[in-house]
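Heads up, the thing below is written out as C-alpha cells.
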Amino acid sequence: MNRQATNLERNITLTVNGERVTRSVAARMHLVDFLRETLGLTGSHLGCEHGVCGACTIRVDGLTVRGCLMLAVQADGATVETIEGLTDSSKAADLQEEFLNRNALQCGYCTPGMLMTAVELLDRNAKPTREEIRDAISGNYCRCTGYHAIVDAIETVAKSRSSKKGTAS
Amino acid sequence: MKASEVGYAKPASLPEVFALLEKNEDARLLAGGQSLIAGLNMRLSNPTLLIDINGIAGLNTITESGGTIRIGALTRHLDLGASPLIAAKLPLIAKAVPHIAHMAIRNRGTIGGSLALSDPATELPACCLALNATMTAASSKGERKIPVKTFFKGLFETDLKQNEVLTAIEIPLPAAGSLSGFSELVRRHGDYAIVGLAAQGVRKGSSWSQLNLSYFGVGDHPVLAANASEALLADKSMADAQAVLASDLSPSEDAENSAATKLHFARVLLGRVVASMS
Ligand SMILES: Cc1cc2nc3c(=O)[nH]c(=O)nc-3n(C[C@H](O)[C@H](O)[C@H](O)COP(=O)(O)OP(=O)(O)OC[C@H]3O[C@@H](n4cnc5c(N)ncnc54)[C@H](O)[C@@H]3O)c2cc1C
Ligand code: FES
Ligand code: FES
C-alpha cells in the first residue's frame with residue numbers, strides 16, 4: 001500500500017507568507033520542520049521541540065502557536081506567517097529596530113519567536129505594563145540577554161506607537 | 001527529538017471518529033496537541049493513528065440553558081478566558097485560565113484535552129471539581145454522563161474509555177452570591193503549579209454555608225479538602241482550618257519541594273484564597 005492510502009502521508013495546501021503552496025508531507029512532520037526543511041524558511045527556530053522554549057513561535061490563522069506542537073498536516077488550508085513574512089510586511093519594523101537599539105538580541109536564536117510574541121501582545125494590549133510584558137514573554141526563553149533589554153524594547157515600541165496614534169487622532 | 005511514523009485522519013463527524021477508534025485500538029485523539037504532540041516528539045507515546053477532532057463542528061461552543069453552562073470539549077483556553085458568559089457566570093474559570101501555560105499554548109490547548117489528560121498539576125481539572133462538573137462521554141453506544149467525583153481515577157488516568165470521546169463539560173450555575181477564589185504557586189509564570197487552590201463557596205455574613213476547596217499539585221488528581229472546609233463551615237479560625245489540612249492532603253515530594261513544604265504552601269494558599277473571596 002502507498003503511504004497516502006495508509007494515512008502516513010498527505011497532500012496539503014496552505015498559504016505561507018502570502019504564497020500558496022501545495023506539498024505532500026509525512027503526518028509525523030511538525031510545522032517548523034516543514035517550513036525549514038521543505039520550504040527553506042529557516043527563520044523559525046527549534047530549541048526543545050516540546051513546547052517549552054518558544055523559539056519555534058509562528059502565526060497560524062492570525063494567532064501565535066508553537067510550531068513544534070502543530071503537525072504540518074494540521075495546517076492544511078491555514079494561513080501561516082513566519083518571521084520572513086513579518087519582516088517583508090514591515091509590521092514589526094519598529095520592534096526589530098528597537099531590539100537592535102536596545103541590544104535585545106545577542107545570538108538571535110530566540111528573536112524570531114520573541115518578535116512573534118511581542119507582535120501578538122501589542123495587538124491585544126496596546127499599552128502593556130512591564131509586568132504584562134514579562135508575563136507575555138514568559139514562554140519564550142532567551143539564554144543571552146537576561147530579558148531586561150527585551151522588556152525595554154517592547155515597552156518603548158508600545159509607548160511610541162500609542163503616542164503616534166495620539167497625535168494622529 | 002522527532003516523532004516516529006504515525007498515521008493521521010481528520011474525520012468530519014463523531015460517528016466517523018467512533019468507527020476509527022474501534023478499528024484502531026492504539027489510536028489517539030488529537031485536540032489542541034499541546035501535550036500529545038510534545039509527547040510524540042519525545043517519543044513518550046507511539047500511537048499508529050492520530051484522529052484529529054478539530055474538523056468536527058459544534059464541539060467548541062459555550063452555552064447556557066436550564067441552570068447549566070455547557071462547555072464544548074474543543075473550546076480552546078483562549079476562548080474560555082475571553083468568554084463573557086464564563087466571566088459572568090463562572091468567574092472561577094476566568095480567574096484560572098491566565099495561569100495556564102503561555103499565550104501561544106492557550107491559543108491551541110483545549111479544555112477537553114486538559115481534562116482527558118488529567119495532569120495533576122493543572123488548573124481546569126481542579127476548577128471542574130470545585131464547580132461539581134459533569135462530563136459527557138460519547139461513543140458508538142451513545143452518551144454517558146460522568147460526575148467529576150468519579151472522573152479522575154489516578155495519575156494521568158480518567159474514567160474515559162479508549163472508544164470514548166469527551167464531548168462536553170456541564171457545570172451547574174453556582175448559587176446566587178456564590179464566591180470564587182483561585183491562586184497557585186509557581187516558580188515562573190506559566191509553569192505547571194507546585195500547589196494550587198480553586199475554591200467556590202457561599203458566605204452568609206461572616207459564616208460560610210458552603211465551601212469547596214479543590215487543591216491541585218498535591219496528589220494524583222485534584223482533591224477536595226473536606227476537613228478544612230468543614231472547619232471553616234463550623235466558624236473555626238483560619239489557623240484551625242490550616243491545621244486540619246494535614247488530614248486532607250498527602251502531597252508527595254518532587255524534585256524541588258519536600259512533602260512538608262508542599263503542605264505549608266497549601267496552608268498559605270488557603271489563607272490567601274479564602275481572604276480573597278469577598
Ligand atoms: C510548555 C507547556 C506548558 C504547559 N503548562 C500548562 C499549565 O500550566 N496548565 C495546564 O493546564 N496545561 C498546561 N499545558 C498543557 C496544555 O494546556 C494542553 O493544551 C492541555 O493539557 C491538553 O490539551 P490539548 O487540547 O492540547 O490536548 P492534546 O494534547 O491534543 O491531547 C491530550 C490528551 O487528551 C486526549 N484527548 C484530547 N481531547 C480529547 C477528547 N475530547 N476526548 C477524549 N480524549 C481527548 C488526547 O488523546 C491525548 O491523550 C502546558 C503545555 C506545554 C507544552
Ligand atoms: S522548539 Fe517549540 S517550544 Fe521549543
Ligand atoms: S539572544 Fe540568544 S537566546 Fe536570546
Next item on the list: Tell me, please, whether a residue that is open to solvent by less than 10 Å² (accessible area, probe 1.4 Å), within 16 Å of B:I37 (Cβ to Cβ) and free of Cβ contacts under 8 Å to residues at least 24 places away in the same chain can be found in region A:18-36.
Entry: no
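Within region A:38-77, how many residues are outside any helix (DSSP H, G or I) and either within 11 Å of chain B (Cβ to nearest Cβ) or within 11 Å of ligand 2 (Cβ to nearest atom) (or both)?
At the first step, the residues of region A:38-77 found to be outside any helix (DSSP H, G or I) are A:39-66, A:70-71, A:76-77.
If we keep only those that are either within 11 Å of chain B (Cβ to nearest Cβ) or within 11 Å of ligand 2 (Cβ to nearest atom) (or both) too, we end up with A:44-66, A:70-71, A:76-77.
Number of matching residues: 27.
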Next item on the list: Taking only region A:104-113 into account, find how many residues are more than 16 Å from ligand 1 (Cβ to nearest atom) and assigned to a helix (DSSP H, G or I).
Entry: 2
Next item on the list: Considering only residues that are more than 14 Å from chain B (Cβ to nearest Cβ) and out of contact with any Lys or Arg (no Cβ under 9 Å at 6 or more places or on another chain), look in region A:126-144 and name the one that is nearest to ligand 1 (Cβ to nearest atom).
Entry: A:R143
Note to self: I'm checking my understanding of the structure. Among residues of region B:158-173 that are within 22 Å of B:F18 (Cβ to Cβ) and of a type outside the set (A, V, I, L, M), which one is farthest from the chain's Cα centre (by Cα)?
What the structure shows: B:N163
Next item on the list: Kindly indicate whether any position in region B:155-164 is in a strand (DSSP E or B) and in the same structural domain as B:C127 (by TED's automatic domain parsing).
Entry: yes
Margin query: Looking at B:N132, B:N107, can you tell me which residue is closer than 22 Å to B:D159 by Cα, more than 8 Å from ligand 1 (Cβ to nearest atom), in contact with a strand residue (DSSP E or B) (Cβ under 9 Å, 6 or more places away or on another chain) and at pLDDT 95 or above?
Written below: B:N132
Notebook entry, point to check: So which helices (runs of 4 or more DSSP H) stay within region B:79-142 end to end and still have 3 or more residues that are away from ligand 2 (no atom under 16 Å from the Cβ) and surrounded by 19 or more Cβ atoms within 10 Å (Cβ to Cβ)?
Noted result: B:91-96, B:111-117, B:123-130
Notebook entry, point to check: Out of (1) out of contact with any helix residue (DSSP H, G or I) (no Cβ under 6 Å at 6 or more places or on another chain); (2) buried (at least 19 other Cβ atoms within 10 Å of the Cβ), what's the single condition that is false for A:N140?
Noted result: (1)
Note to self: Can you tell me which condition B:P172 does not meet? The list is (1) surrounded by fewer than 19 Cβ atoms within 10 Å (Cβ to Cβ); (2) at pLDDT 95 or above; (3) more than 19 Å from B:L115 (Cβ to Cβ); (4) away from ligand 1 (no atom under 16 Å from the Cβ), and all the others hold.
What the structure shows: (3)
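Select, from B:K236, B:K262, the only residue that is more than 20 Å from B:A121 (Cα to Cα) and at pLDDT 95 or above.
Working: B:K262 fails: more than 20 Å from B:A121 (Cα to Cα).
Going through B:K236, B:K262 in turn, just one is more than 20 Å from B:A121 (Cα to Cα) and at pLDDT 95 or above: B:K236.
Can you tell me which residue among A:T42, A:T79, A:T64, A:T57 is closer than 23 Å to A:R143 by Cα and touching a residue at least 60 places away in the same chain (Cβ under 8 Å)?
Values: A:T42 fails: touching a residue at least 60 places away in the same chain (Cβ under 8 Å); A:T79 fails: closer than 23 Å to A:R143 by Cα; A:T64 fails: touching a residue at least 60 places away in the same chain (Cβ under 8 Å).
Going through A:T42, A:T79, A:T64, A:T57 in turn, the sole match is A:T57.
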Checklist line | Unmet requirement for B:Y8, which otherwise passes all of (1) surrounded by fewer than 20 Cβ atoms within 10 Å (Cβ to Cβ); (2) within 11 Å of chain A (Cβ to nearest Cβ) | finding: (1)
Notebook entry, point to check: Among (1) of a type outside the set (K, R); (2) within 16 Å of ligand 2 (Cβ to nearest atom); (3) within 14 Å of chain B (Cβ to nearest Cβ), where does A:V119 come up short?
Noted result: (2)
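Check whether at least one residue in region B:42-49 is facing chain A (nearest Cβ under 8 Å) and either out of contact with any strand residue (DSSP E or B) (no Cβ under 9 Å at 6 or more places or on another chain) or farther than 20 Å from A:Q4 by Cα (or both), and report yes or no. If you could, list the steps in order and put the result at the bottom.
In the first step, residues of region B:42-49 are kept if they are facing chain A (nearest Cβ under 8 Å); the result is B:42, B:49.
Narrowing the set further to residues that are either out of contact with any strand residue (DSSP E or B) (no Cβ under 9 Å at 6 or more places or on another chain) or farther than 20 Å from A:Q4 by Cα (or both) leaves B:42.
Yes, region B:42-49 contains a residue that is facing chain A (nearest Cβ under 8 Å) and either out of contact with any strand residue (DSSP E or B) (no Cβ under 9 Å at 6 or more places or on another chain) or farther than 20 Å from A:Q4 by Cα (or both).
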Next item on the list: Report, by residue number, each residue of region A:95-116 that is in contact with a Leu (Cβ under 9 Å, 6 or more places away or on another chain) and either over 13 Å from A:T145 (Cβ atoms) or within 13 Å of chain B (Cβ to nearest Cβ) (or both).
Entry: A:L95, A:Q96, A:P112, A:M114, A:L115, A:M116
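If you check A:L69 against the conditions, is it modelled with pLDDT of 95 or more, open to solvent by less than 20 Å² (accessible area, probe 1.4 Å) and not assigned by TED's automatic domain parsing to the domain that holds A:R20?
Details: modelled with pLDDT of 95 or more: yes; open to solvent by less than 20 Å² (accessible area, probe 1.4 Å): yes; not assigned by TED's automatic domain parsing to the domain that holds A:R20: no.
Criteria not met by A:L69.
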Next item on the list: Answer with yes or no whether B:S209 is in a helix (DSSP H, G or I), touching a strand residue (DSSP E or B) at 6+ places or on another chain (Cβ under 6 Å) and more than 21 Å from B:T122 (Cβ to Cβ).
Entry: no
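Suppose we filter region B:186-206 for residues that are in a strand (DSSP E or B) and open to solvent by 40 Å² or more (accessible area, probe 1.4 Å); how many remain? I'd like the intermediate steps shown before the answer.
Looking only at region B:186-206, we keep the residues that are in a strand (DSSP E or B), and these are B:195-204.
From what's left, open to solvent by 40 Å² or more (accessible area, probe 1.4 Å): B:203-204.
So the count comes out to 2.
Does region B:53-64 contain any residue that is among the hydroxyl-bearing types (S, T, Y), open to solvent by 20 Å² or more (accessible area, probe 1.4 Å) and in contact with a helix residue (DSSP H, G or I) (Cβ under 9 Å, 6 or more places away or on another chain)? Before the answer, list the steps.
From region B:53-64, those among the hydroxyl-bearing types (S, T, Y) are B:61, B:63; that's our starting set.
In the following step, the residues that additionally are open to solvent by 20 Å² or more (accessible area, probe 1.4 Å) were identified as B:61, B:63.
Still in the running and in contact with a helix residue (DSSP H, G or I) (Cβ under 9 Å, 6 or more places away or on another chain): B:63.
Yes: region B:53-64 contains one or more residues that are among the hydroxyl-bearing types (S, T, Y), open to solvent by 20 Å² or more (accessible area, probe 1.4 Å) and in contact with a helix residue (DSSP H, G or I) (Cβ under 9 Å, 6 or more places away or on another chain).
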Next item on the list: Would you check if there is a residue in region A:4-11 being charged (D, E, K, R), open to solvent by less than 60 Å² (accessible area, probe 1.4 Å) and either within 16 Å of ligand 3 (Cβ to nearest atom) or within 30 Å of B:D191 (Cβ to Cβ) (or both)?
Entry: no
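The values are calculated or read from the model by the stated rules, or taken from the named source; none is laboratory data. Note that the coordinates shown come from a computational prediction; the quantities given were computed from them, not determined experimentally. Cβ atoms come from the backbone with ideal geometry, glycine included; neighbour counts cover every protein chain shown. Surface areas here come from the heavy atoms of the whole protein model, side chains and all, with no ligands, DNA or RNA. Shrake-Rupley method; radii C 1.70, N 1.55, O 1.52, S 1.80 Å.
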